[in-house]
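The values are calculated or read from the model by the stated rules, or taken from the named source; none is laboratory data. Quantities reported herein were computed from a predicted structural model and do not represent experimental measurements. Because the Cβ atoms are built from the backbone with ideal geometry, glycine has one as well, and the counts that use them run over all protein chains shown. Only protein heavy atoms, including side chains, enter the accessible area calculation; ligands, DNA and RNA are left aside. Shrake-Rupley method; radii C 1.70, N 1.55, O 1.52, S 1.80 Å.
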Amino acid sequence: MKLIIAGSTGLVATEILRQALSIPAITSIVGLARRETSVPDNLRPNADPSKLKSVVVSDFENYPDTVKQQLAGADACIWTIATTPDQLRSMTSEQSRNISLDYMVYGLETMAKVANSPFRFAYISGAKSERDQTKRPMVLPEFCLMRGECENRVLDFAKQSNGRVVGGIVRPGVIDAPGRSNFMLTFAGGLVRAVIGLPKCHVTEISATLLESCITGFEKETLLNEDLIRIGQKSMAERKTGP
Ligand SMILES: NC(=O)c1ccc[n+]([C@@H]2O[C@H](COP(=O)([O-])OP(=O)(O)OC[C@H]3O[C@@H](n4cnc5c(N)ncnc54)[C@H](OP(=O)(O)O)[C@@H]3O)[C@@H](O)[C@H]2O)c1
């Protein structure tokens with residue numbers, strides 16, 4: 001199968017790529033990003049780096065034909081591009097929405113036109129995303145509603161595609177990764193997470209779940225943090241893709 005990883009230079013995408021390079025069922029990988037995608041470190045002995053094609057895009061709302069040709073015939077996409085709440089200090093909410101929502105909608109619409117059918121589209125959201133746009137979330141309300149709107153757009157697009165596109169949403173809490181420093185992963189951050197009910201998973205677990213879902217299908221439309229741990233650990237054990 002041919003897999004597109006959108007935002008392939010990021011934290012989660014790098015682990016997805018590391019695992020995907022050693023899964024025989026995935027024969028071709030397009031790393032779509034605003035800069036070159038490198039082959040990750042710590043590859044497993046059976047990894048095949050030649051499966052990766054790095055595709056650089058300068059405008060995420062207007063792909064040139066050369067990029068569309070690279071996307072053609074894909075069976076699945078894992079979309080990881082989004083802004084973080086931290087970035088709201090350095091950009092307006094309109095810019096954040098443009099990157100998180102408009103880039104994704106254009107990417108999905110464009111890929112669906114040239115992909116194989118069925119085309120599985122896995123969207124990484126967040127544990128606190130809110131789909132009901134009439135609600136007012138307690139924490140980061142505007143951001144959580146915007147991410148919920150992204151989820152709605154993926155699922156609506158899939159529903160209207162007559163089975164050509166299958167959408168799946170994953171909702172991690174905080175993502176732990178080797179060497180990652182993030183307040184939410186500290187002892188004090190753990191207390192904050194407990195208060196607001198924000199779980200955590202490991203980057204290897206969410207990555208394995210996303211790949212398993214792209215290969216065999218989504219167990220359910222929305223996978224919560226606990227699902228990511230359960231499915232990811234099982235998949236890594238069976239496919240021998242763990243660290
Ligand atoms: N990390 C967490 O703890 C966490 C928790 C919950 C949910 N998530 C979600 O998981 C997904 C992946 O997270 P991540 O931590 O892997 O993200 P990341 O490391 O920040 O990477 C995201 C990707 O998006 C690209 N990107 C960011 N801004 C862009 C822009 N303006 N134009 C084009 N590309 C842009 C990045 O490119 P560059 O590499 O060039 O910057 C990178 O390829 C996101 O949807 C995030 O919200 C993450």
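Observations, loosely collected:
- Only one entry in Glu149, Glu219, Glu142, Glu238 is open to solvent by 20 Å² or more (accessible area, probe 1.4 Å), of a type in the set (Asp, Glu) and within 14 Å of the ligand (Cβ to nearest atom), namely Glu149.
- Residue in region 11-34 that is more than 23 Å from Thr204 (Cα to Cα) and either in contact (Cβ under 8 Å) with a residue 40 or more places away in the chain or within 11 Å of the ligand (Cβ to nearest atom) (or both) present: yes
- If you check Ser117, Ser100 for being more than 24 Å from Arg230 (Cβ to Cβ), among the small types (Gly, Ala, Ser), open to solvent by 20 Å² or more (accessible area, probe 1.4 Å) and touching a residue at least 24 places away in the same chain (Cβ under 8 Å), only one passes: Ser117.
- The conditions of being farther than 30 Å from Ala112 by Cα, among the aliphatic types (A, V, I, L, M) and assigned to a loop (DSSP other than H, G, I, E, B) are not met by Leu191.
- Per the listing Ser58, Ser54, Ser50, the residue uniquely free of Cβ contacts under 8 Å to residues at least 60 places away in the same chain, loosely packed, with under 14 Cβ neighbours inside 10 Å and within 16 Å of the ligand (Cβ to nearest atom) is Ser58.
- Output for region 175-201, where each listed residue is under 17 Å from Leu224 (Cα atoms), out of contact with any His (no Cβ under 8 Å at 6 or more places or on another chain), in contact (Cβ under 8 Å) with a residue 12 or more places away in the chain and surrounded by fewer than 20 Cβ atoms within 10 Å (Cβ to Cβ): Arg193, Ile196, Leu198, Pro199, Lys200
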